[in-house]
Every structure is written in C-alpha cells, then in structure tokens.
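The values are calculated or read from the model by the stated rules, or taken from the named source; none is laboratory data. On a predicted model such as this, the values are computed, not experimentally measured, just so you know. Using ideal geometry, Cβ is built from the backbone for each residue, glycine included, and neighbour counts are taken over all protein chains shown. Quick note on the areas: whole protein, heavy atoms, side chains included, nothing else; ligands and nucleic acids left out. Shrake-Rupley method; radii C 1.70, N 1.55, O 1.52, S 1.80 Å.
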Amino acid sequence: MSRIVYLDNNATTQMAPEVLEAVMQAESSVFGNASSMHTFGRRASALVEDARSNVADLLACDPSEITFTSGASEANNTVFMIAKSIIEKNGKGRIVTTTIEHPSIIETVRYLRTLGIQVDQAPVGNDGRVIMSEFEKLMGPDVVLVSVMTGNNETGSIQEIGKISELAHKVGALMHTDATQAIGKIEVSCKAWNLDYLSCSGHKFYGPKGVGVLYARKGVPFMPFVHGGEQEHGRRAGTYNTTAIYGLGIAAKLAKEGIEAESKQLWAMREKLREGILANIPDVVVNGCQEHCLPGTLDVSFANVEGESILLMLDMSGIAVSTGSACATGSLEPSYVLLAGGLDVELAHGSIRFSFGRYNTMEDVDYVIEVLPAIIKRLRAISTR
Ligand code: PMP
C-alpha cells in the first residue's frame, strides 16, 4: 500500500474547500479597496466586517477588538512593541514570557534585551508546561506584560492560560497569549481567560496564508506596529487583503462549528499513532504533556537516529512530517523547545513531529505504522551514533 499522507498540519494546513471557494468567488467579483467610500470599496469592506464578526464569535470577544494583521508573527511583534513603548514611557517595567515560545517572540525578546529591556523567561518542566511555582516567583508589580503561548507548536503541551492570566492581573500586568496552534483544536476564549491580547494565524486553521488576527481588549494600550495608514482605525496600516481576510472569517466559522467533532477525531488518530509507535519501535520517548496536549500533535524522539534522516525516508514513502530542528547555515541545531523541557541533546536530534489535521484519516495512521518501524530499523543499522 502506498499513499500520500500529510502530517505537518502544525506547519500549515490545506485551505478548506469551503474557504477556497469563498475566496475564489470573492476574488472574481470584489476588487475594490476596502477603505474606499464608493460602492466598490463598501463591497470589499463588507467582506472584512463579515470576517471580523466570525472571528469575534470564535474567540468570544467583540468585533471591535479584532485587528487583522499579516499573521501571528506580526501580531506577536505588535504586542511586544506595545510593552516596549509602555516601559520606555514609564522608564521602568519588565516583561515575563517563557523559554518555549515561537521564534516570533523568542527573537523579539532577544531584540528587546539589546535595547536594555528586561525580559524574564519562565522555565518549563519535562512535560513542556510552565512550572507554575517558578512563574509565580517572576511575578511582581513591575511586570508590564505576561506572554505565554496557549499550546506549543512542537510538543502540543497546553498551558494553564486562565490561571496565568489571573496571576498576571493580580500584579497589574497585561496578559497576552499566542493561540496560533490552539485555534479550532481546543476552546479558546478571550472572555473566559480574561485576556488583554491574543494572536493567531489563518493558515493554521484551514484559512489563507499571510493573514492573521490580533485581539486587543477594549481600552488596553495599543500602538501600531505597521505605521502609515488609517486602516483598522489606525491600528494597522496597509491596504486590506480583502479576500484573504474574508477567507480567514469563513475558516473561523468552520472552526467554531466543527471543534468538538474535530478535536475528538484528531486525538483518536494521534493516540492510535502513539500506541502503534510504542508497540512496534523500541527506544522511543514521547515528548510533551500527554494529558494536556493539543489533540493533533505527537512529538516522538527515536534514540540513535537523526530526525532529518527519518523525515527524508518518510518523505520518500509519501509521508510529510517535521523535525524540531532548524537548519541554519548547514548546522542542525536541536529544538530549543525540547531542550528547554530537559530532553537529552541526542534524543532531541532524533525527534519527529507528527501533526494531524481535519483531512487525515485512520488509514493514514495505519500507513505510517506500516512503514515507520522498517525505516527506523534501517537507519539504526547504519547509524554511527
Ligand atoms: N506562533 C506559533 C505558535 C506558531 O506555530 C506560528 C507558526 N509556525 C506562529 C506564531 C507564526 O505564524 P505566522 O508564520 O503565520 O505569522
């Protein structure tokens, strides 16, 4: 049996056919600039507002609290730059985040530190979850912003956002979460978690790429990251990518309607693969928290093999997965997320992330279990490690 199996849904998802159709239809009939006052502009603007209302429904907030961006990276950068301007204005203040955030936060932290801004990173335990006692030690009246991701893109570990938000507010800090990987998989509620800011990206939940969302609670500090226009009430300059925003809105509607059935389906596939791997392959470690985990994410380390070799062999069998490694200038660095969770460097080198999506089936899992044990066996036989 040979098939094509896409198990890299945390990297990006295929656009839902409903989204694709809506985007194509809008693309062929609506071309006006959504900021124009004439009929063409108003038609385009109606699509943006339709999306705003769908997104607000999904995130449990008011449509006026939604700003469309180019993605979660921009939304994350915007929030950290807001904190920077507060700290600079007050001449004091501190940011608290974690060691396992997405690079759009980790690199921003690095940049802010070069400007002399203090940013503390709360550590995580073996399960990839923030160690709450350590986090609490970092709280204090000088904290301006707390930013903790909802679910991790590599391990899938879910954080206690409601509790963290409560602790942040107790010391008067603003609370942000990067919910990019959690949307459509677990309930994400700005209201229930009492959030001040939230970021997400359309292409992670079957919407178009290059479009995302920044939720900012009514009344919280706001500074545009992209200057130069009055779009989004002066919060984000740049001509609206009308049809992509509209598509994101359709994706948000589908995510809200399908979340319960979908997360069950994702978890069932993930668990079947986890059990299949454990039953058929020796010397493996399943990474992250197995209790509080995004339903479609499974991260596994295979001892004495390179993740990249596994990835390439799986690719030859038609299976797309990812490694935690970032290939930079020819050197393969192990995943900082896995290392932050205390995983041994050698094991981190042999890790593979399988991430399921709406269009995967149980037959996909069967196929992986059919081909993976032989691949690991072959690679271990030639391994020099
Ligand atoms: N945050 C997380 C947790 C992500 O997984 C990603 C995408 N990998 C981003 C932010 C950035 O999203 P985008 O590239 O669409 O801006």
>> Using only the alpha-carbon atoms, how far is helix 103-114 inclined from the longest principal axis of the chain? Give it as 0 to 90 degrees, nearest 10.
In response: 70
> Under the classification rounded if a/c is under 1.5, otherwise prolate if a/b is larger than b/c and oblate if not, where does the chain fall, given a ≥ b ≥ c as square roots of the Cα gyration tensor eigenvalues?
Replying inline: oblate
> What is the antiparallel percent of DSSP beta bridges lying wholly in the chain, to the nearest 5?
Replying inline: 60
>> In the chain, once you exclude exposed GluC sites (Glu not before Pro) (DSSP loop, at most 10 other Cβ within 10 angstrom), what's the longest stretch remaining?
In response: 1-229
> Of 204/256; 209/253; 84/204; 191/264, which ones are farther than 21 Å apart at the Cα?
Replying inline: 84/204; 191/264
> Relative to the first principal axis of the alpha-carbon coordinates of the chain, what is the inclination of helix 307-316, with its axis defined by its Cα atoms, in degrees from 0 to 90 and to the nearest 10?
Replying inline: 90
>> Charges on Cβ only, +1 for Lys and Arg, -1 for Asp and Glu, centred on the Cα centroid of the chain; of 238, 312, 179, which one is farthest towards the dipole's positive end?
In response: 238
> Pairing the Cα long axis of helix 39-59 with the longest principal axis of the chain, what angle in degrees results, from 0 to 90 and rounded to the nearest 10?
Replying inline: 60
> When the Cα centres of the range 21-57 and the range 63-128 are compared, how far apart do they sit, in Å?
Replying inline: 31
> Dipole magnitude of the chain about its Cα centre, charges +1 at Lys/Arg Cβ and -1 at Asp/Glu Cβ only, in debye to the nearest 20?
Replying inline: 680
>> As a test question: what accessible area, to the nearest 10 Å², does residue 127 have when a 1.4 Å probe is rolled over all protein chains in place?
In response: 60
